[in-house]
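Pasting in a structure now, in structure tokens, and then I'll have a few things to ask.
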Amino acid sequence: MRLMRCLSLLAPLLALASCASQPSARIGTLEIVARAPAYGGTVFEGGGAYEAVTAVAHLASGDAEVLVLQPTDALKKSGVLLIEAAGADGRLLARMANDGDARHERADSAGNGFTMRRGHALVSVKVSNPQQLREAALLLQRQYLPDATLAIGGGQGGHLLRDMVKDGLNRSPAGHKVFDGALVMMTGAGEQFPFTYGPAKDPVSGRTDGIFARCSATATCPKLIHLDSTNDFWQARAALVATGGTSRDIAMPDAVRAYLISSTQHFYADRPVQADCRHPNNPARQSPVVRVMLDHLVAWTRGGKAPPPSRYPLLADSMLTKADPDSVGFPDLRALGISHPEGLGGQGPYPLLVPMADVDGHDIAGIRLPEIEVPLATHAGWNLRRGRANPPPLCGPNGLLVPFSATPRKGDPRRAISQRYPSRIEYAKAVALSARALRDQGLLLQEDVDRYIERARRETRVP
């Protein structure tokens, strides 16, 4: 009798255990393939040494390659799981946050080690669709038990994140958020409606929708930061993120911040080269903004402290304009052999709108980092392709770099370096003021303020 009574009491518990295990079975399994020290055994201040875990996620939607970079000391883990959706552009976070590269074996690939110094776990997942990303995130959460899970996506990976949220897939089987926050980098607006995060009526189809429509209905929207380069306005119709193709600005949801990283190309160049373009491309870096926004996203998802207000060009501010040179306000540099893009306004059913420029050719709107606010060259988000085509087409993801002359030169309407900065110390002072102003507005970390000032002190282009 005692045995039967025990079994009768145990049966409901077994049933509950069986029910609880079913979602896990649907989520999939993580097969660890190898473990090895990361970054040559470098010990990072704050995060300590890191290990690299190579794995395969066996998911209902298909297997996915996984790379986990995490502190070896559990006490140094921040509790933040950064999951990067590695699309066609590959692993970008190491470069865009750490100024390093995707190789994790070498010490010099760590760059400045920003995410490692924070103690975050970095996970790269090669996925091909939003459902696969969702399943991978749920599996990784079960494996690593983070305090906060943040999605990272650049380029095609960013499109996957936007599609995942749009399709209502940020809701877990238990009704919770899959990702607490998301950082979308250099994606523009995508190819299909909806383009905006808030609801908008599509002037082409007549439908009303928004990327946050489904998650808003279930209270499962992530805190989301959207970053675009200037190139994304020229090549990926980023203005539609603000307008949806309408004649007005569409309000951003409270859980969204959008920023233009002014006068940058799709992803920054390590050094200016021409390659297939007519002119050298654009080395202005976006990584200082990525770093500060990662910190903001962690604080926003954990404690509710919101980032600074959006800085995105809008129609209401007259900062979005047609793409012809007169409307943009780009300086006339034809005497230097540089022509402005032409014939771009009539492509597709939606108008092409781009940021308005100042007298040096730099975007007026957005986050103007010190190399844009205190410039030594013109940086643009577009470039022109070599060849005989007339007018020449845009040169893909590349931007443009046109250095200022040391002294005034004929045919160049831009002020020369000697007219801007009487000495290197005056130049360094201007850089310091610009960097500190951004810091005070929550748009730059102190460590990047220090980097800008140190580089300015050593700048040889200013005597």
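The values are calculated or read from the model by the stated rules, or taken from the named source; none is laboratory data. Not measured: the values here are computed from a predicted model. Neighbour counts are summed over all protein chains in view; Cβ atoms, including those assigned to glycine, are modelled from backbone coordinates with ideal geometry.
Would it be correct to say that ALA136 is closer than 22 Å to ALA34 by Cβ and at pLDDT 95 or above?
Judged against the criteria, ALA136 is a match.
So which residues in the range 178-203 are assigned to a loop (DSSP other than H, G, I, E, B), on the phi < 0 side of the Ramachandran plot, out of contact with any Gly (no Cβ under 7 Å at 6 or more places or on another chain) and not charged (D, E, K, R)?
VAL178, PHE179, ALA189, GLN192, PHE193
Among the residues of the range 214-242, how many are farther than 17 Å from MET186 by Cα and in a helix (DSSP H, G or I)?
5
For residues in the range 231-251 being touching a Gly at 6+ places or on another chain (Cβ under 9 Å) and free of Cβ contacts under 8 Å to residues at least 60 places away in the same chain, which is surrounded by the most Cβ atoms within 10 Å (Cβ to Cβ)?
ALA238
Next up: Filter the range 367-403 down to the residues that are touching a Pro at 6+ places or on another chain (Cβ under 7 Å) and closer than 24 Å to GLY190 by Cβ, then identify the one that is surrounded by the fewest Cβ atoms within 10 Å (Cβ to Cβ).
Looking at residues that are touching a Pro at 6+ places or on another chain (Cβ under 7 Å) and closer than 24 Å to GLY190 by Cβ, I get ARG385.
Testing GLY190 on (1) free of Cβ contacts under 8 Å to residues at least 60 places away in the same chain; (2) more than 21 Å from PHE267 (Cα to Cα), one condition comes back false. Which one is that?
If we test GLY190 against (1) free of Cβ contacts under 8 Å to residues at least 60 places away in the same chain; (2) more than 21 Å from PHE267 (Cα to Cα), just (2) comes out false.
In the list LEU376, LEU394, LEU369, LEU352, which residue meets the criterion of being of a type outside the set (Ser, Thr, Tyr), touching a helix residue (DSSP H, G or I) at 6+ places or on another chain (Cβ under 9 Å) and more than 23 Å from PRO272 (Cβ to Cβ)?
Residue meeting the stated conditions: LEU352.
Next up: Restricting to the range 156-177, name every residue that is surrounded by fewer than 24 Cβ atoms within 10 Å (Cβ to Cβ) and part of a loop (DSSP other than H, G, I, E, B).
Scanning the range 156-177 gives ASP167, GLY168, LEU169, SER172, PRO173, ALA174, GLY175, HIS176.
So, one more: Give the residues of the range 109-139 that are of a type outside the set (A, V, I, L, M), assigned to a helix (DSSP H, G or I) and in contact (Cβ under 8 Å) with a residue 40 or more places away in the chain, sorted by residue number.
SER109, PHE114, THR115, ARG117, GLN131, GLN132, ARG134, GLU135
Which residue out of VAL123, VAL66 is within 23 Å of MET185 (Cα to Cα) and either more than 20 Å from the chain's Cα centre (by Cα) or surrounded by fewer than 16 Cβ atoms within 10 Å (Cβ to Cβ) (or both)?
Exactly one of VAL123, VAL66 is within 23 Å of MET185 (Cα to Cα) and either more than 20 Å from the chain's Cα centre (by Cα) or surrounded by fewer than 16 Cβ atoms within 10 Å (Cβ to Cβ) (or both), namely VAL66.
Hey, another quick one. Might you check whether a residue that is surrounded by fewer than 17 Cβ atoms within 10 Å (Cβ to Cβ), hydrophobic (A, V, I, L, M, F, W, C) and not in a strand (DSSP E or B) occurs anywhere in the range 73-80?
Yes: the range 73-80 contains one or more residues that are surrounded by fewer than 17 Cβ atoms within 10 Å (Cβ to Cβ), hydrophobic (A, V, I, L, M, F, W, C) and not in a strand (DSSP E or B).
Does the range 390-402 contain at least one residue that is in contact with a Gly (Cβ under 6 Å, 6 or more places away or on another chain) and within 23 Å of VAL289 (Cα to Cα)?
For the range 390-402, residues in contact with a Gly (Cβ under 6 Å, 6 or more places away or on another chain) and within 23 Å of VAL289 (Cα to Cα): present.
Would you check which residues across the range 316-343 are part of a loop (DSSP other than H, G, I, E, B) and surrounded by 17 or more Cβ atoms within 10 Å (Cβ to Cβ) and list them?
Listed by number, the residues that qualify are MET319, ALA323, PHE330, PRO331, LEU333, ILE338, HIS340, PRO341.
Determine whether TYR452 is in a helix (DSSP H, G or I), surrounded by 19 or more Cβ atoms within 10 Å (Cβ to Cβ) and over 25 Å from the mean Cα position of the chain (by Cα).
Criteria not met by TYR452.
State whether one or more residues within the range 243-252 are under 18 Å from PRO397 (Cβ atoms), in a helix (DSSP H, G or I) and at pLDDT 95 or above.
Within the range 243-252, not a single residue is under 18 Å from PRO397 (Cβ atoms), in a helix (DSSP H, G or I) and at pLDDT 95 or above.
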